[in-house]
Amino acid sequence: MKRVAMILAAGALFAAADPALAGCAEFQTSAADLNLTYDPFGNAVLDRVFTLRVRRLNPAATSVRLILADPDGIGGTPRLGAAGVENYDISWNTDTGRRVLVTGAEQPNATNGALVRFGSGPSGDVVNETFRIRVPAGQDVAAGDYYQPLDVRYVCYAGDDAIDSPDVQTGAQVAVDLTVPERISTFIGSSGIRRGRIDFGAIDVAAGPQTRGLMVTAQSTVPYEIDVSSEWGGLKRSVSDDYVLSYRMRLSGFPIDAGDRLMCTRTDAPTGRTHPLQIEIDPRQAAAAPAGSYSDVVTLTFSPRLGLSGGDGCSMGGL
């Protein structure tokens, strides 16, 4: 019985090492090459060149035609991760016009794929081919890590003759790992402007309530909250002035006071979300105020929020 067991074990080792059973070629990329960072609010296409290492396993093979298949693509559109970036493309640098990234059941054929030729002898067993992955700007995606293994469908040739039928390599040897960082950016009016001024000018005390405002835009890959604070809690002429002229505020349509908090879901990309800030003054109170120029500084602090606010948009929350 011991002798039979040794024979069976030897046979199993021989089968695993047989190139015909292991496939005629294997394929691998460097994890660093396809470790990508994507900003959905950026203006530039994410463009990265990577190297695909092709190793011949069957000495009879002189070339191999391969395509990369996204098994999670939907409706003919490739997608990185189950809920990730919904559009990207991969091209072959040697012939950028050939389709090398597919979805569905498409197999390598004369009209698609990259044809990689091996050299003669053992020194020609490994060939490095360069490809390019491009992720268009402005895709709406939340912060997170999106990992997408790619199948390699291939067929080897000995001269002009195919060696067996098309085969497929699955697993993590060729995979895209795309990270969307947690980020919040804000601006007032136009990008890069962090401060705004609401100027009522001379108050007409005979008029009704007067309202002025400005627009604050947020771009965020995560849910966030907005804390409202005020330097003086009202309009004053100076820090030592005893007279305070009150005003009312609305942020994104919500009546707010200093100390209040707004809770918001992440914004759409690439536009973000606009938060109108409106200030209202009652001229009847201004009529009784001493003459002078009155001001206050209102600060809106945006920070990441754990959990989601109700619905899609913003809602009031407590500290």
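Taking Cα pairs under 8 Å and at least six residues apart, what relative contact order does the chain come out at, in percent? Walk me through the numbers on the way to the answer.
On the way: 721 pairs, mean separation 54.7, N = 319.
Relative contact order, the chain: 17 percent.
For a distance above 25 Å, tell me the whole-number percent of Cα pairs in region 19-180 that qualify.
Numbers: 3863 of 13041 pairs.
The proportion of pairs with Cα distances above 25 Å equals 30 percent.
When Rg and Dmax are taken over the Cα atoms of region 230-319, they come to 16.2, 48 Å. At an R0 of 22 angstrom, the distance between the Cβ atoms of ASP241 and ARG197 translates into a FRET efficiency of 0.65.
Would you mind calculating the relative contact order of region 19-180 from Cα pairs under 8 angstrom and at least 6 residues apart, reporting the percent as a whole number?
Details: 397 pairs, mean separation 55.0, N = 162.
In percent, rounded to a whole number, it is 34.
Note down the relative contact order for region 86-226 as a percent, whole number, built from C-alpha pairs under 8 angstrom at least six residues apart. Numbers along the way, then the final one.
Numbers: 178 pairs, mean separation 27.5, N = 141.
Here the relative contact order equals 19 percent.
Placing pseudo-labels 7 Å out from each Cα toward the beta carbon at ALA289 and ALA105 gives an inter-label distance of 7.5 nm.
Note the angle between two axes, namely the Cα long axis of helix 2-17 and the longest principal axis of the Cα atoms of the chain, as a number of degrees from 0 to 90, rounded to the nearest 10. With rounding to tens, the tilt is 60 degrees.
Round to the nearest 0.05 the FRET efficiency obtained for ARG183 and VAL126 when R0 = 41 Å and r is the Cβ-Cβ distance.
Numbers: r = 40 Å, r/R0 = 0.98.
That pair, ARG183 with VAL126, gives E of 0.55.
Net length available on complete extension from MET215 to ALA162 is 12.7 nm, with 0.36 nm assigned per residue and the Cα-Cα distance removed.
Taking the inverse of the average 1/r across all pairs of different Cα atoms in the chain, what Kirkwood radius in Å do you get? Before the final figure, lay out the partial values.
Working: mean 1/r = 0.0405 Å⁻¹.
About 24.7 Å, per the Kirkwood formula over Cα pairs.
What FRET efficiency comes out for SER229 versus ALA44 if R0 is 45 angstrom and r is the Cβ-Cβ distance? Round to the nearest 0.05. Can you show the working numbers first?
Values: r = 35 Å, r/R0 = 0.79.
The calculated FRET efficiency here is 0.80.
Summary: within the chain, the longest segment free of trypsin sites (Lys or Arg not before Pro) located in DSSP loops with at most 11 other C-beta atoms within 10 Å is 1-193.
A short reminder: the numbers here are calculations on the coordinates, not readings from a lab. The model shown is predicted, which means the values in this text are computed figures rather than measured ones. Cβ coordinates were reconstructed from backbone atoms using ideal geometry, including for glycine residues, and neighbour counts include every protein chain displayed.
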